[in-house]
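Here the structure is laid out as C-alpha cells; the discussion comes afterwards.
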Amino acid sequence: MVDRTAEVCGLLAEHRETLAESILALESQSGVLATAVELALQTLKSGNTILLAGNGGSAAEAQHFAAELVGRFRRERPAYAALALTTDTSILTAVGNDYSFDDVFARQVEGLGRPGDLLIAFTTSGESENLLRAAAACRIKDIKVVAVTGNRPGRVGAASDVNVLVPAPDTATVQELHILVTHIMCDLIEREMARPS
C-alpha cells in the first residue's frame, strides 16, 4: 500500500489557501446575502414555503438546505416550511419524459408554489435552463427568486430578485461555499425566528 499522507497534506494546504481567499471574496456579498435572509424570513413568517432547486451537486445543496429548515440547524424549534424540488423521482421523471428536463422545476412551481413563497436556486454556472424556466414560473405566481451562483450571475442570476455571487476559482470550491451560504442563512433564520415576538 502506497503512503499518500504527504499528497493529502499538500492538497489540504492548497485547499485551505483557496478556501480562505474565496471566503474573503465572499465577504463582498454580505449585504446581498443579508437581503436573501430577509426574503427567507418574510416567507416563513407569513406562513409561506421556501422552495429549493438545483442540478447535480446543487440538487444535493437544495436538499441539504430543506433538511436544515424542516429538521434543525443548531436549535430545537418547530419545523419551517421548506421543500426541495429535486427529490420526487416520479415527478422528475414524468415531467422529464412527458415534457422536457428543462421543465422539471417550472412544473412544480406551477403546481406547488403559492404567492408569497420563495424559490432559492443553486447553480454554479448560472445557466441552467430548468432553473431559468422555474424563475419565469415564479414571476407568474408572484414568488420571489434568490439565485446562489458562482463567479458570474448568468441568466439565472439575471432572472432573480437577489443574486448571491460566490467568487471562487472552480466548481468544487463554489459548491463548498454554497454549503457555507446555506449554513449562514439557516443560522440567521433560526436566530430570528427564535426571538420572542
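A few notes on this one:
- Computed over the chain: relative contact order in percent, which uses C-alpha pairs under 8 Å that are six or more apart: 23
- Förster radius 41 Å - calculated FRET efficiency between E27 and T87, Cβ distance, rounded to 0.05: 0.80
- Cα-based helix-to-principal-axis angle, 30-45 vs the chain, degrees rounded to 10: 40
- Taking 7 Å steps out from each Cα toward its Cβ at D102 and R195 produces label points 4.4 nm apart.
- Cβ-derived FRET efficiency at R0 45 Å, R4 paired with R77, nearest 0.05: 0.55
- Principal axis analysis of the Cα atoms in the chain yields extents of 53, 48, 33 Å, listed in decreasing size.
- With Cα atoms, 0 to 90° folded angle of helix 129-141 axis to the chain main axis: 40
- Per residue, the convex hull around the alpha carbon atoms of the stretch 73-184 comes to 117 Å³.
- Every pair of different Cα atoms in the stretch 92-139 enters the Kirkwood calculation, which places the hydrodynamic radius at 11.0 Å.
- Dipole of the chain, positive end: most advanced residue of Q42, H64, A53 [Cβ charges, Cα centre]: Q42
- Each label point was placed 7 Å from the Cα along the Cα-to-Cβ direction; for A20 and R152 their separation is 3.0 nm.
- For the chain, the longest principal axis of the Cα atoms and the long axis of helix 171-194 meet at an angle of about 60 degrees.
Values in this text are rule-based calculations from the coordinates and carry no lab data. No experiment lies behind these values; they were computed from the predicted model shown. Cβ: placed from backbone, ideal geometry, glycine included. Neighbour counts: every protein chain shown.
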